[in-house]
Amino acid sequence: MPALDQPAVWLLDIDGTLIFTDHLYREVFVELLTPLGYDVTDDFYHANVFGKVDSDVFGKLMPAGTSEEELLGMSKKKDACFVKLYNAAVQKAGAPPMVQGLPEALEKAKQAGVRAIAVTNAQRGAGEAAVATLQAHIPAASIIEGLVIGAECASAKPAPDPYLEGMRQLGVRPEDCVVFEDSRSGVRAGLAAGVPCIGIRSTLTHEDLMATGCAATIADWTELTSDVLAGLGGRLGTPEMP
């Protein structure tokens, strides 16, 4: 990857942005929802699950009259099932299912003094497992200083709260940051927090991401260049990348 001028802080979504996990989540939701009579097709998954928090997913799909305690129990079951599948997949492959170019991008970011935090609508178990495996396999992933869970904020993505909390934890301003996202709800959350977004085309097209408000899109981390960052409007701090 060529040298980059880089904003000082990266606010990083996880699923579809740092790692590929949709296939694992599909397995989890097939296991949980098939007994309830749902056929978890691609269309069903994207309409009812992708980019949404558990409370919205299970609140809509569980039978009428399901208690809050039962909804929480389904969320915990989903998280535990995902962590088990994810860790087994990482162990079998010998590495996390990373988006292409991520190790090199993080290494260049580290050399430039970039700071980062992960911000996700996944549950805490899943988020912690993802960050832990990335940091175990990519030394430069140490720039990820923390983890914000959408469901633990006042409102999850697409509300701005998770990204505002990430900036609060790092003590930075929106003009110092860039959001990396792959979903409409995530892009909307970043923009609502006052931060420009770069879309990762892991699930949505360039046209879909741009229509949602991204300043630019990349297929993967190998395409993150100075020209892409220049499209953010020149309002960001830009330490020189090696």
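The values are calculated or read from the model by the stated rules, or taken from the named source; none is laboratory data. These numbers were taken from a predicted model, which means no experiment stands behind them. Counting neighbours? That spans all protein chains shown, and the Cβs are built from the backbone with ideal geometry, glycine included.
Before moving on, here are some points about what is shown:
- Candidate set from the stretch 50-69 (those that are part of a loop (DSSP other than H, G, I, E, B) and modelled with pLDDT of 85 or more); member that is surrounded by the fewest Cβ atoms within 10 Å (Cβ to Cβ): 64
- Members of the stretch 197-236 that are assigned to a helix (DSSP H, G or I), within 29 Å of residue 151 (Cα to Cα) and not acidic (Asp, Glu): 206, 209, 210, 211, 212, 221
Matching residues to (1) over 30 Å from residue 222 (Cα atoms); (2) surrounded by 14 or more Cβ atoms within 10 Å (Cβ to Cβ); (3) touching a Pro at 6+ places or on another chain (Cβ under 7 Å):
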| position | (1), (2), (3) |
| --- | --- |
| 18 | no, yes, no |
| 23 | no, no, no |
| 26 | no, yes, no |
| 34 | yes, no, no |
| 71 | yes, yes, no |
| 75 | yes, yes, no |
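- Selection of the stretch 59-118 for residues being touching a Gly at 6+ places or on another chain (Cβ under 7 Å) and not assigned by TED's automatic domain parsing to the domain that holds residue 224 yields 71, 79, 80, 83.
- Taken over the stretch 77-97, the criterion of being crowded, with 20+ Cβ neighbours inside 10 Å and in contact with a strand residue (DSSP E or B) (Cβ under 9 Å, 6 or more places away or on another chain) is satisfied by 86, 96.
- Where residue 80 falls short, out of the listed (1) of a type in the set (Gly, Ala, Ser); (2) at positive phi; (3) at pLDDT 95 or above: (2)
- Within the option set 114, 99, 119, being under 30 Å from residue 8 (Cβ atoms) and over 16 Å from the mean Cα position of the chain (by Cα) holds for one residue only, 114.
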